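The values are calculated or read from the model by the stated rules, or taken from the named source; none is laboratory data. Just so we're clear, the structure is a prediction, and the values are computed from it rather than from any experiment. Don't worry about glycine lacking a Cβ; one is built from the backbone with ideal geometry, like all the others, and counts go over all protein chains shown. Only protein heavy atoms, including side chains, enter the accessible area calculation; ligands, DNA and RNA are left aside. Shrake-Rupley method; radii C 1.70, N 1.55, O 1.52, S 1.80 Å.
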Amino acid sequence: MIRFSGNCTSSALYFDTTERRFAAISWWIDQFIARWHAESYLSQKLHFRGFLWQRESINEYDDELVKRTNAYIRTKGFLSLWLPYYASYGTTNWKDFNFDVAAYHTNYYGNTMYDYQWVNAVSYSASYYNTGIQMIYGKGPIYNGTHHLDHFNLGLPEYQGYMKHSFIVYQFPNQTMKTIYSENIVDYIRIYMFIKGLYTKIPYPNMVY
């Protein structure tokens, strides 16, 4: 249960139906938009385009909730983005949920059972279903020292080609761009070059493609 103030018509709302969950989400969207407009100085540095659906997969019982939420976002003049894990529920019919754009997570980290071929598989699927790709540069035990190079290299025209032809969302788990800049300026430059479409292949020991 959650309690509201402001424009919400009920003092308490239970999330046991789609209608009530939608009421909560639409209320939150309205509150966020109002706060954004109130903080006018932010628009001097940021361009707010829309909202991200927070879950990487969609529960089947939330189908209608997602559709209504995205339709509501559109009436407010904003866009909706989804960042699903590859092969999670809804990824092949993401347009049916009224998202403006979706970008697949490759499920590739370097220190797990999934190797770089997952980047290839996700790229093929993204091309077929007309989605974008998430570029991952992570920090922590599941990320090895070359996973980001695989993401960069495989985006080149001689491989999957998404560097220049796809909608790309950049993810930096457990760190910030400032951290990368201060701790690894070489990779910071590589990220910049990839964004600009100027990146060239970086080989590394035991690379197999």
Hits in region 27-54 (condition: of a type outside the set (Phe, Trp, Tyr), over 21 Å from the mean Cα position of the chain (by Cα) and closer than 21 Å to Asn98 by Cβ):
Asp30
When residues of region 158-181 are filtered for being over 16 Å from Tyr104 (Cα atoms), under 19 Å from the mean Cα position of the chain (by Cα) and open to solvent by 50 Å² or more (accessible area, probe 1.4 Å), how many remain?
4
Scope region 62-89; condition without any contact (Cβ under 8 Å) to a residue 40 or more places away in the chain and either open to solvent by 80 Å² or more (accessible area, probe 1.4 Å) or within 18 Å of Ala121 (Cβ to Cβ) (or both); matching residues
Arg74, Thr75, Pro84, Tyr85, Tyr86, Ala87, Ser88, Tyr89
Go through (1) of a type outside the set (S, T, N, Q); (2) surrounded by 15 or more Cβ atoms within 10 Å (Cβ to Cβ); (3) at pLDDT below 95 one by one and return the number of the condition Tyr143 breaks.
(3)
Leading residue by the ranking (surrounded by the fewest Cβ atoms within 10 Å (Cβ to Cβ)) among those in region 106-118 that are of a type in the set (Ser, Thr, Tyr) and modelled with pLDDT of 95 or more
Thr112
Counting only residues that are in contact with a helix residue (DSSP H, G or I) (Cβ under 7 Å, 6 or more places away or on another chain) and either under 23 Å from Ala126 (Cβ atoms) or in contact (Cβ under 8 Å) with a residue 60 or more places away in the chain (or both), how many does region 46-61 have?
4
Determine if region 184-205 includes at least one residue that is under 20 Å from the mean Cα position of the chain (by Cα) and part of a strand (DSSP E or B).
no
How many of the residues making up region 33-60 are closer than 20 Å to Ala87 by Cα, open to solvent by 70 Å² or more (accessible area, probe 1.4 Å) and at pLDDT below 90?
1
State the number of residues belonging to region 129-140 that are closer than 27 Å to Thr179 by Cα and open to solvent by 20 Å² or more (accessible area, probe 1.4 Å).
3
In region 182-209, the residues that are closer than 16 Å to Gly138 by Cβ, surrounded by 13 or more Cβ atoms within 10 Å (Cβ to Cβ) and without any contact (Cβ under 8 Å) to a residue 12 or more places away in the chain:
Asn184, Tyr188
What residue, of Ala126, Ala103, is modelled with pLDDT of 95 or more, in contact with a Gly (Cβ under 8 Å, 6 or more places away or on another chain), outside any helix (DSSP H, G or I) and open to solvent by less than 20 Å² (accessible area, probe 1.4 Å)?
Ala103
